[in-house]
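The next block holds one structure in the form of structure tokens; read it before the comments.
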Amino acid sequence: MISTYRPSCAEGSLLELGANTVNSSSITKVKREVSEKFTEMRGVQPSVKKHGAKNASNQQYLLTFKGKAELPGGRTISRVVRVVADERGHVLKMSTSK
């Protein structure tokens with residue numbers, strides 16, 4: 001069963017991805033770090049998927065943020081930020097499209 005993170009859920013709730021779960025406070029921690037670096041991602045809800053080896057002792061998750069960035073002259077550009085984080089919300093890797 002795959003469920004999505006909703007900000008109205010209690011902070012201690014869990015996001016379910018098959019047999020593994022990630023705490024929503026971990027997602028909040030990652031969202032805070034992404035929004036500090038990429039201000040246009042504030043308020044964006046990421047999609048969350050398991051990432052890495054299935055038998056790894058430290059489960060990793062891929063969070064994908066999709067938003068729009070303002071350019072000079074009033075134009076906008078689509079931006080995607082991909083983050084690999086562990087179950088505690090520590091960012092291991094972050095990349096963005098241009």
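Only the coordinates and a few stated rules stand behind these numbers; no lab work does. The model shown is predicted, which means the values in this text are computed figures rather than measured ones. A quick note on method: Cβ atoms are made from the backbone with ideal geometry, for glycine too, and the neighbour counts reach across all protein chains shown.
Observations on the structure shown:
- Cross-link partners of K31 among lysines (Cα-Cα below 24 Å; sequence separation of 8 or more within a chain): K49, K50, K66, K68, K93, K98
- Here each label is just a point 7 Å from Cα along the line to Cβ, and for T28 and R75 those points are 3.9 nm apart.
- Highest to lowest packing among 57-63, 68-74, 38-44, scored as the average C-beta count within 10 Å: 57-63, 38-44, 68-74
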